[in-house]
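Just below is one structure, and these are the notes that go with it.
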Amino acid sequence: MSIGRGRVWLLSAAVIAANVIGNLALSWGMKHPLGIALTGVGPVDALLNPWVGLGIALLAVWTMARITLLSWADLSFVLPVTSVGYVINALIGFGIYHEQISWQRWVGTALILSGAVAAGATEPKQ
């Protein structure tokens, strides 16, 4: 079964978006707790936060979309291309959460981006 190149790129974008938005929501929920403690166990109580729930749901979507993408294209294409999500997450951490990112992390982020660009320049073979 041949999946078109456009569909592979569209699903790749969906995988990246679900990963980025899911991690953003999860991080937001964990950094802004609702103050509800039923069990006294932080991660269990965190499940009551709708942002945490949204993050978990989107990361479940990310997993299912990534599984589908791996059935459509080579592992050596999918992993580097979808790692762009890590670059976007670093930019969000810096821009929205005002995280202090060391130059070493920026170098690592640049290396991830260069690998994603190099892999993305290849044909997504099935």
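Share of pairwise Cα-Cα distances greater than 16 Å in the chain is 66 percent (whole percent). Sparsely packed loop sites in the stretch 1-103 (the chymotrypsin sites (Phe, Trp or Tyr not before Pro) outside DSSP H, G, I, E and B with at most 13 other Cβ atoms within 10 Å) comprise Tyr97. Computed from Cα positions, the angle between helix 5-31 and the longest principal axis of the chain comes to roughly 20 degrees. Going by neighbour counts of Cβ atoms within 10 Å, the residues His32, His98 line up, fewest first, as His98, His32. Normalised by the number of residues in the chain, the average gap of Cα pairs under 8 Å and 6 or more apart makes the relative contact order 32 percent. Grab the DSSP H runs of the chain that are 4 residues or longer, score each as -39,500 (n - 2.57), total them, divide by all residues and round the 222 nm result to the nearest 500 deg cm²/dmol. Mean residue ellipticity, 222 nm, calculated: -24500 deg cm²/dmol. With neighbour counts taken as other beta-carbon atoms within 10 Å, the residues Arg66, Arg105 rank, fewest first, as Arg105, Arg66.
Every number here is computed from the coordinates shown, using simple stated rules; none is lab data. Just so you know, these numbers come straight off a predicted model, no measurement behind them. So basically every Cβ, Gly included, is an ideal-geometry build from the backbone, and we count neighbours across all protein chains shown.
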